[in-house]
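Below is one structure; the comments refer to it alone.
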């Protein structure tokens, strides 16, 4: 079971507000609930080519992608990536 810690939610709300504002989320609980929905039903899941304990849960949002990064069994961050970045990650970073 993947955990979404308070520390991760605070980090995301402080550093990655773009997608939070895009989705009109207001509270830490709304952010946590949205991340949990991605973990439960992602559009895609990828593994890191180098670090076997890292997974990327992807949800398409309009013309961008929300990437939720999980290390072990804990969410560490979630950020938006463009289609260009998605293609680069798919080729270089994801297994």
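The values are calculated or read from the model by the stated rules, or taken from the named source; none is laboratory data. Fair warning: this is a prediction, and the values are worked out from it, not measured in the lab. Methodologically, a virtual Cβ is constructed for each residue, glycine included, from the backbone with ideal geometry; neighbour enumeration extends over all protein chains shown.
Quick notes on this one:
- Highlighted here are the helices (runs of 4 or more DSSP H) found entirely within the chain that include at least 3 residues which are crowded, with 17+ Cβ neighbours inside 10 Å and either more than 13 Å from the chain's Cα centre (by Cα) or at pLDDT 95 or above (or both): 6-15, 28-40.
- Sole exception among (1) in contact with a helix residue (DSSP H, G or I) (Cβ under 6 Å, 6 or more places away or on another chain); (2) within 16 Å of residue 81 (Cβ to Cβ) for residue 2, by number: (2)
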